[in-house]
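J.: Before I ask anything, here is the structure I am working with.
The values are calculated or read from the model by the stated rules, or taken from the named source; none is laboratory data. Only a predicted model underlies this, so the values are computations on that prediction, with no experimental measurement involved. Counting neighbours? That spans all protein chains shown, and the Cβs are built from the backbone with ideal geometry, glycine included.
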Amino acid sequence: MLLARPPGPDAEGQWVRRWMSAEWTETADTWVGARLAEYGRRICGVPVTYRARFWSVVRCYPTAEGLVWFKENNPGHRFEAGLVAALAQVAPDDVIVPIAVDRERSRLLTNDQGSTLTHPDVADQSTRCTVVRALARLQCTLLGRLDATEHPGIIELAPTMAGDRVRAVAQEWADLQPGHPLRAERELLIRAARAADVLDRRTASLSEVVPLDLEINDVYPANIFADRSTGVLRPRFFDFGNALWGHPFVSLHGFLDSVVEWTNAPLSPAHRDALFDAYLAVWRDHLDADPHLLRHDLAATEALVGVHRLVSWLRLIPYADPLELQARAEIPRHYLTTVALRV
């Protein structure tokens with residue numbers, strides 16, 4: 001029996017209370033039941049709300065054919081259901097393929113895909129190479145085939161605008177009233193201003209070989225299904241609520257950051273170089289591009305990880321009540337601090 005995740009610090013906020021209410025639960029169960037019935041399926045056990053946070057809720061349902069998963073997003077990430085449907089049309093072997101979506105209510109229903117990457121997987125260099133090649137293949141498959149305007153709420157952030165975005169956020173937070181959870185201290189503002197200047201210099205040298213496209217912005221081991229049904233690992237990506245429209249290479253750096261986090265150890269230069277080579281080989285073949293230019297652009301985009309994470313979180317803040325903002329303010333503050341210290 002799948003056990004629900006413990007409540008988070010935002011458990012008493014408006015969104016978690018809504019998603020744990022009897023009224024919402026009945027509505028969700030009815031919707032899931034109706035969607036399954038369209039395929040001759042039905043719920044045959046007790047559903048479980050696996051996780052509820054102010055940014056989304058995930059509920060699982062047993063059926064005779066296996067578990068199905070339901071997700072509903074905070075309006076700040078309302079685009080995810082429609083985006084997943086579009087991704088599944090273009091790259092059905094590389095992402096989850098939904099049973100049903102409701103774009104207006106940001107609802108997504110999908111079959112269980114098995115286990116995600118484990119800590120031993122993440123610690124294994126050959127597995128990491130498989131993942132980064134799969135990520136590059138997915139990105140190359142998607143390149144130029146999505147229309148950002150069809151997914152309202154996806155923010156576009158050109159690399160050359162990252163410095164200005166950091167300045168704007170820092171200034172906005174500096175102007176907040178004393179005691180506001182996001183009010184920025186003077187030292188952080190100084191560091192953020194310096195970081196913004198560095199971002200200006202680094203992004204100015206980027207080529208235009210790789211255009212702006214989908215930046216997944218959350219290529220995290222727990223967001224990658226480890227499909228081994230064919231006898232070899234075939235990563236399948238999910239959780240696109242943090243996505244934005246930016247430089248695709250940033251997705252790789254986000255994954256490598258998560259590798260360091262999961263292994264609690266830095267990547268050796270040799271392992272990092274091998275992962276860069278595996279990733280860029282796919283891009284080089286797809287674009288027939290100068291490998292040295294691609295390598296330069298990959299290095300230049302590393303500084304954008306924290307900016308992209310920060311920007312995706314800013315979409316949620318208008319929908320947070322005071323308790324939720326107080327409970328989760330450390331996350332966007334952490335991303336701004338990361339930007340200030342990383343570059």
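J.: Does residue 250 satisfy being touching a helix residue (DSSP H, G or I) at 6+ places or on another chain (Cβ under 7 Å), assigned by TED's automatic domain parsing to the domain that holds residue 170, crowded, with 21+ Cβ neighbours inside 10 Å and β-branched (Val, Ile, Thr)?
T.: It is true that residue 250 is touching a helix residue (DSSP H, G or I) at 6+ places or on another chain (Cβ under 7 Å), assigned by TED's automatic domain parsing to the domain that holds residue 170, crowded, with 21+ Cβ neighbours inside 10 Å and β-branched (Val, Ile, Thr).
J.: Mind checking which residues of region 1-19 are surrounded by 15 or more Cβ atoms within 10 Å (Cβ to Cβ) and touching a strand residue (DSSP E or B) at 6+ places or on another chain (Cβ under 7 Å)?
T.: Answer for region 1-19, where residues must be surrounded by 15 or more Cβ atoms within 10 Å (Cβ to Cβ) and touching a strand residue (DSSP E or B) at 6+ places or on another chain (Cβ under 7 Å): 8, 10, 16, 19.
J.: Which numbered condition in (1) polar (S, T, N, Q); (2) farther than 27 Å from residue 114 by Cα; (3) not in a helix (DSSP H, G or I) is the only one that residue 203 fails?
T.: (3)
J.: For region 234-280, which residues satisfy the criterion of being touching a strand residue (DSSP E or B) at 6+ places or on another chain (Cβ under 6 Å) and over 15 Å from residue 215 (Cα atoms)?
T.: Correct list: 234, 235, 236.
J.: Just to be sure before I move on: is residue 235 touching a residue at least 40 places away in the same chain (Cβ under 8 Å) and either touching a His at 6+ places or on another chain (Cβ under 7 Å) or part of a strand (DSSP E or B) (or both) in the structure I sent?
T.: yes
J.: From the list 78, 41, which one is outside the structural domain of residue 214 (by TED's automatic domain parsing) and closer than 30 Å to residue 312 by Cα?
T.: When all the criteria are applied, what remains is 78.
J.: Hey, another quick one. Wholly within region 114-198, which helices (runs of 4 or more DSSP H) include no fewer than the required count, namely at least 2 residues that are acidic (Asp, Glu)?
T.: Result: 162-174.
J.: Right, next: Looking only at region 1-58, which residues are among the β-branched types (Val, Ile, Thr) and not in a strand (DSSP E or B)?
T.: If the condition is that a residue be among the β-branched types (Val, Ile, Thr) and not in a strand (DSSP E or B), then 16, 25, 27, 30, 32, 46 are the ones that fit.
J.: Kindly provide the set of residues from region 106-137 that are surrounded by fewer than 15 Cβ atoms within 10 Å (Cβ to Cβ) and over 24 Å from residue 265 (Cβ atoms), ordered by number.
T.: Selection gives 114 alone.
J.: Separate question: Among the residues of region 172-219, which ones are in contact with a Leu (Cβ under 9 Å, 6 or more places away or on another chain) and without any contact (Cβ under 8 Å) to a residue 24 or more places away in the chain?
T.: 172, 174, 176, 180, 183
J.: If you don't mind, another one. Which residue, of 229, 205, is farther than 23 Å from residue 110 by Cα and at pLDDT below 95?
T.: The unique qualifying residue is 205.
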